[in-house]
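In what follows, a single structure is set out as structure tokens and then discussed.
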Amino acid sequence: MVLERQSGTPDVPGLGAILAASLLGAGLAGALWLGAGLPLPTCPFRAWTGWPCLGCGTTRMLIALLRGDLRDAAAWNPLAFTGLVALTAWGLGSAATLTLGLPRFRLVLGAGERTAARAVAIVAAVAGWAYLFWHEV
């Protein structure tokens, strides 16, 4: 695993800064949707199979986040909550790097490290799905 400095123009937004803007826009759209009293989406996978999908509970997680209830949000779908926190941190860090003109860095993984990261992602997805079954979200 190597942390390397990225070359390129520092004034071009990186993927993380674009992600931060997208998350902000999606959060605003969700708040407006809820404020307007529009119906909440349903899960087609759950309607079809009766089983929760990996994203089940995410809408309720986002509602809890908009209320400021982090504990309840994490309980609805811990995997989605952890992913959202990680993506938000990456996006804010990238936006700050762009705004302050700081150098960009990227993490370069070797072949074995990429394989290990994939295995961790698969285990996390299975564990997250098992949690949703166990808690009947």
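Any residue at all in segment 8-17 that's among the aliphatic types (A, V, I, L, M), assigned to a helix (DSSP H, G or I) and free of Cβ contacts under 8 Å to residues at least 60 places away in the same chain? No.
Looking across G25, G30, one residue alone is among the small types (G, A, S), surrounded by 13 or more Cβ atoms within 10 Å (Cβ to Cβ) and not in a loop (DSSP other than H, G, I, E, B). It is G30. Within segment 119-137, no residue that is more than 12 Å from C56 (Cβ to Cβ) sits with its Cβ atom under 7 Å from a residue that is of a type in the set (D, E, K, R) at 6+ positions apart or across chains.
Conditions tested, residue by residue: (1) within 30 Å of F105 (Cβ to Cβ); (2) loosely packed, with under 15 Cβ neighbours inside 10 Å; (3) touching a helix residue (DSSP H, G or I) at 6+ places or on another chain (Cβ under 7 Å).
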residue	(1), (2), (3)
G16	yes, no, yes
A21	yes, yes, no
P41	no, yes, yes
G50	no, yes, no
R60	no, no, yes
L66	no, yes, yes
D69	no, yes, no
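Somewhere in segment 86-95, is a residue surrounded by 11 or more Cβ atoms within 10 Å (Cβ to Cβ), part of a loop (DSSP other than H, G, I, E, B) and free of Cβ contacts under 8 Å to residues at least 24 places away in the same chain? No, segment 86-95 contains no residue that is surrounded by 11 or more Cβ atoms within 10 Å (Cβ to Cβ), part of a loop (DSSP other than H, G, I, E, B) and free of Cβ contacts under 8 Å to residues at least 24 places away in the same chain. Residue check: is V2 under 29 Å from T115 (Cβ atoms), without any contact (Cβ under 8 Å) to a residue 12 or more places away in the chain and of a type in the set (V, I, T)? The answer is no for V2.
Can you name the number of the only condition in (1) modelled with pLDDT of 85 or more; (2) surrounded by 10 or more Cβ atoms within 10 Å (Cβ to Cβ) that Q6 fails? The one condition Q6 does not meet is (1). Check segment 64-80 and report whether any residue there is without any contact (Cβ under 8 Å) to a residue 60 or more places away in the chain, in contact with an Asp or Glu (Cβ under 8 Å, 6 or more places away or on another chain), part of a helix (DSSP H, G or I) and among the hydrophobic types (A, V, I, L, M, F, W, C). Yes, there is a match, as at least one residue in segment 64-80 is without any contact (Cβ under 8 Å) to a residue 60 or more places away in the chain, in contact with an Asp or Glu (Cβ under 8 Å, 6 or more places away or on another chain), part of a helix (DSSP H, G or I) and among the hydrophobic types (A, V, I, L, M, F, W, C).
Can you work out which of the residues in segment 104-137 that are in contact with a Gly (Cβ under 8 Å, 6 or more places away or on another chain) and of a type outside the set (V, I, T) is surrounded by the fewest Cβ atoms within 10 Å (Cβ to Cβ)? Restricting to residues being in contact with a Gly (Cβ under 8 Å, 6 or more places away or on another chain) and of a type outside the set (V, I, T), the top hit is R104.
The values are calculated or read from the model by the stated rules, or taken from the named source; none is laboratory data. What you see is a predicted model; the values in this text were computed from it and never measured. Note: ideal-geometry Cβ built from the backbone for every residue, glycine included; neighbour counts use all protein chains shown.
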